[in-house]
């Protein structure tokens, strides 16, 4: 019975892969959030405390833990962070929380940097709520246009007027 996923297969230029038990330790530690000793216990190690100590000092295991964490951060946690930011932007009862969430989203998306060059020389933190609202209104109009196939073009100077002209 194979004890390693790569057993029987040649992997040119690569070192021996981790064992199934080591992979299980990493999954339990990184993905499920267990502490190292608990992760070793769940992975089936007979001496989990000592095994956890040894595993967290093994260079191959450390590299895989870092790789797995990067994957979790860029997938699951990034998705959750986006959902939280969206919820704060849409549902927060305080303007300052909504503006802060909007600023964060704009900075992370890179949209602010592209628009800033065309609209203003101010940093995001220097924008007034009105200026930020105007930028957001412009992007919202563009989003609606793209989503609905409309051809409405709203310049930044008109965005504030368009927002106040609703009936």
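So here's what we get for this one:
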{"item": "Contact order normalised by residue count of segment 16-80, Cα under 8 Å, 6+ apart, percent", "result": "29 percent"}
{"item": "Kirkwood Rh (inverse of mean 1/r, distinct Cα pairs), segment 16-80, angstrom", "result": "11.8 Å"}
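Every number in this text was worked out from the coordinates using simple rules, so none of it is lab data. Nothing here was measured: the structure is a model prediction, and the numbers come from that model.
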